[in-house]
Amino acid sequence: MFQSVLHIIYLLHIPACWCMFSDISFHEVNERLAKLNPVYSTVKSALELYSIDQVHSGADSCSPIIARISHMSTLEEDLSRPQAFISGEIHGDERIGPSASLVTAEILVMASECVIEQKESTCSTLETTYDINDKRTLRWLAVLATRRDTYVIPTTNCMGHMHRQRAELGVDTNRDFPYGRSDNRCLRTTTAQVINSVMKNNLIQLVITFHGGMAAIGYEWGSLNHRKPKDDCPDSVVHSEVAQFMKTVAGGWSSAAKDSQPYPAGKMNSIVYPVDGGMEDWVYASGWDTSGSQNHVCDKFSYFHPHIKPLHSNEVVEFMDPKKPFTQSVGNRAVVFLVETSDMKNPSPATWGKESNVCECC
């Protein structure tokens, strides 16, 4: 699990210096994802991959672009390959995550080209742009790229990102999941439907979700039904240990402060704030925590597939073939970390960091 986490950790380091990183548009994200080597990735829109309708707002429309990073030709024969999911943002006005997740996907694919194909131009780009030239680091990145199955969605809330708005068409996307809700007002947004489809069609074990507006590395619990003082989740020890490791490797962050400070790490209920309908609690616990997850029908989206019995019934849940669609949300039990990148949602360009610093902690 530690190795699965590490391939996003180094992108948290945001030193206070003039930089080459910057805010990035939805269209540029898509253009750069489309250039990823198809040997080590597939890139499709949510419309193409899951038949989820585009979001429309006036003359604008969009569908989140999903990059799947792995060695594609051997993926079907390796069903035990660990699966991870990185969401660059779920609130469209929080701008650091899309760049961090996009560059993660690019570096993983380039490392594979450099190590496996011995592609000199790619090796040169990794060295001159990101200062990555150590053979051990390159091999490690190539292993993460080819022996993991990682879904990366830099602009999960694509309409919010296009319009620099927190919500999607007026709905807060991180209150739109069927965990902790007592009604059927869930999975209303394309953002939530896309994440639901990623979880239903895979057996995701690790989730990283980027946010902004404060600095923190948060983990379970983060819901109203698990408040202090009884807010330790069953996996609290491993959450804490991994978060502390992330905190150490990420280094300091700074906006207006003169001295870089380490990222605070702790339970979301304690260091962020609790919410109902949050993605983090849903991907972690909806598969087994019946106190928070109900058999919802979320505005015409079935939370449980009709052929699968709800977890809180007396019958044993049997999963469908994971190679087929509709692997159920009752399988949601991923280790999840909420990364609040900065105390400003769109911080000054001077604090974003240099591309050459991206792997100084690798």
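The values are calculated or read from the model by the stated rules, or taken from the named source; none is laboratory data. On a predicted model such as this, the values are computed, not experimentally measured, just so you know. Don't worry about glycine lacking a Cβ; one is built from the backbone with ideal geometry, like all the others, and counts go over all protein chains shown. The protein model used for the area step is the full one, side chains on, heavy atoms only, and it has no ligands, DNA or RNA in it. Shrake-Rupley method; radii C 1.70, N 1.55, O 1.52, S 1.80 Å.
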Q. Being more than 30 Å from Gly292 (Cα to Cα) and open to solvent by 20 Å² or more (accessible area, probe 1.4 Å), is that true of even one residue in region 91-107?
A. yes
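To keep it simple, each residue is scored yes or no on (1) aliphatic (A, V, I, L, M); (2) out of contact with any strand residue (DSSP E or B) (no Cβ under 7 Å at 6 or more places or on another chain); (3) open to solvent by less than 20 Å² (accessible area, probe 1.4 Å).
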{"site": "Glu28", "(1), (2), (3)": "no, yes, no"}
{"site": "Thr42", "(1), (2), (3)": "no, no, no"}
{"site": "His56", "(1), (2), (3)": "no, yes, no"}
{"site": "Ala59", "(1), (2), (3)": "yes, yes, no"}
{"site": "Ile69", "(1), (2), (3)": "yes, no, yes"}
{"site": "Arg81", "(1), (2), (3)": "no, no, yes"}
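Are any residues in region 109-119 assigned to a helix (DSSP H, G or I) and out of contact with any strand residue (DSSP E or B) (no Cβ under 7 Å at 6 or more places or on another chain), and if so, which ones? Let's see the steps before the verdict.
Of region 109-119, the ones assigned to a helix (DSSP H, G or I) are 109-116.
Scanning region 109-119 gives Met110, Ala111, Ser112, Glu113, Cys114, Val115, Ile116.
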Q) Restricting to region 169-184, what's the tally of residues that are of a type outside the set (A, V, I, L, M, F, W, C) and at pLDDT 90 or above? A) 6
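Residues to consider are Thr129, Thr137; find the one that is touching a residue at least 40 places away in the same chain (Cβ under 8 Å), in contact with a Ser or Thr (Cβ under 8 Å, 6 or more places away or on another chain), part of a helix (DSSP H, G or I) and surrounded by fewer than 23 Cβ atoms within 10 Å (Cβ to Cβ).
Numbers: Thr137 fails: in contact with a Ser or Thr (Cβ under 8 Å, 6 or more places away or on another chain).
Going through Thr129, Thr137 in turn, the sole match is Thr129.
For region 35-108, which fully contained strands (runs of 3 or more DSSP E) count at least 3 residues that are at positive phi and without any contact (Cβ under 8 Å) to a residue 24 or more places away in the chain?
Details: elements: 41-45, 55-57, 60-62, 65-69, 83-87.
Correct list: empty, since no element meets the threshold.
Within region 190-245, count every residue that is among the β-branched types (Val, Ile, Thr) and either without any contact (Cβ under 8 Å) to a residue 40 or more places away in the chain or part of a strand (DSSP E or B) (or both). Outline the logic, then answer.
Keep residues of region 190-245 that are among the β-branched types (Val, Ile, Thr), which gives 190-191, 194-195, 198, 204, 207-209, 217, 237-238, 242.
From what is left, the residues that are either without any contact (Cβ under 8 Å) to a residue 40 or more places away in the chain or part of a strand (DSSP E or B) (or both) are 207-209, 217, 237.
Looking only at that region, the number is 5.
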Q: Could you please find all residues in region 202-250 being open to solvent by 30 Å² or more (accessible area, probe 1.4 Å) and within 16 Å of the chain's Cα centre (by Cα)?
A: Leu203, Gln205
Q. Condition test on Tyr10, is it buried (at least 22 other Cβ atoms within 10 Å of the Cβ), at pLDDT 65 or above and of a type outside the set (A, V, I, L, M, F, W, C)?
A. no
(Q) Just to be sure I understand the filter: pairs with C-beta atoms under 7 Å, separated by 6 or more residues or on different chains, first member in region 145-164 and more than 17 Å from His27 (Cβ to Cβ) and surrounded by fewer than 23 Cβ atoms within 10 Å (Cβ to Cβ), second member small (Gly, Ala, Ser) and at pLDDT below 95. Which pairs pass? (A) Arg148/Ser4
Q. What number of residues in region 69-95 are within 25 Å of Gly212 (Cβ to Cβ) and not hydrophobic (A, V, I, L, M, F, W, C)?
A. 8
